[in-house]
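Here the structure is laid out as structure tokens; the discussion comes afterwards.
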Amino acid sequence: MTTEAVSGPILLVEDNNVDLDLALRAFARRDRSSSIAIEVARDGEEALAFLPRWESGHPTPAVILLDNKLPRVSGLEVLQKLKTHERFRRIPVVMLTSSAEDEDVRTAYDAGVNSYIVKPIDFGKFIAVAEQIKLYWCTLNHSQR
């Protein structure tokens, strides 16, 4: 089995300005030499607006980092829509959220999430999480897309 980096961007779906800034800073800090782009959707509706773009040839993401509690369309609804889409159901989705509630975790896995990570509050720990996400989902994982 060969391991190769995925060329698609990371789609970060986050509505909280502080968490968005923290995530972008964490990825930028660990990604100065990498060419992985980060695209942002501010709510579930913006996230779903990527589907027609991908259908028209825009690069699909290597991984989607999805907050659970989003305005307009919830993260769970976005996840369900992605996982039932014929072409895009194999895009890895990581729920990156502040909720550690057992019911939220269970519901996300039942809907097909690939991983569930509770956002660390500490910036240093968030950087470590960002590094691990990129290492695994953008470099080591052999995606079936």
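The values are calculated or read from the model by the stated rules, or taken from the named source; none is laboratory data. Nothing here was measured: the structure is a model prediction, and the numbers come from that model. Here Cβ is always computed from backbone atoms with ideal geometry, including for glycine, and neighbour counts include all displayed protein chains.
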**Complete:** Given the conditions (1) surrounded by 15 or more Cβ atoms within 10 Å (Cβ to Cβ); (2) touching a residue at least 60 places away in the same chain (Cβ under 8 Å), every one holds for PHE123 apart from (1)
**Message:** Regarding region 103-120, can at least one residue be identified that is at pLDDT below 95 and closer than 13 Å to ILE10 by Cβ?
**Reply:** no
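Condition check ((1) surrounded by fewer than 23 Cβ atoms within 10 Å (Cβ to Cβ); (2) touching a Pro at 6+ places or on another chain (Cβ under 7 Å); (3) touching a residue at least 24 places away in the same chain (Cβ under 8 Å)) across all residues:
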position	(1), (2), (3)
PRO61	no, yes, yes
LEU76	yes, no, yes
GLU86	yes, no, no
VAL94	yes, no, yes
THR97	no, no, yes
**Asked** For region 126-142, how many residues meet the condition of being under 13 Å from the mean Cα position of the chain (by Cα) and surrounded by 15 or more Cβ atoms within 10 Å (Cβ to Cβ)?
**Response** 6
**Complete:** Of those in region 99-120 that are among the hydrophobic types (A, V, I, L, M, F, W, C) and surrounded by fewer than 16 Cβ atoms within 10 Å (Cβ to Cβ), the residue farthest from ARG25 (Cα to Cα) is ALA100
**Asked** Checking SER98 against (1) in contact with an Asp or Glu (Cβ under 8 Å, 6 or more places away or on another chain); (2) modelled with pLDDT of 95 or more, which test does it fail?
**Response** (2)
**Message:** Every residue in region 3-59 that is at pLDDT below 95, part of a helix (DSSP H, G or I) and either within 13 Å of the chain's Cα centre (by Cα) or crowded, with 18+ Cβ neighbours inside 10 Å (or both), please.
**Reply:** ASP19, LEU20, LEU22, ALA23, LEU24, ALA26, PHE27
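Applying the selection to region 60-98, what residues are basic (Lys, Arg) and in a helix (DSSP H, G or I)?
Initial filter on region 60-98 (basic (Lys, Arg)): 69, 72, 81, 83, 87, 89-90.
Passing the criteria: LYS81, LYS83.
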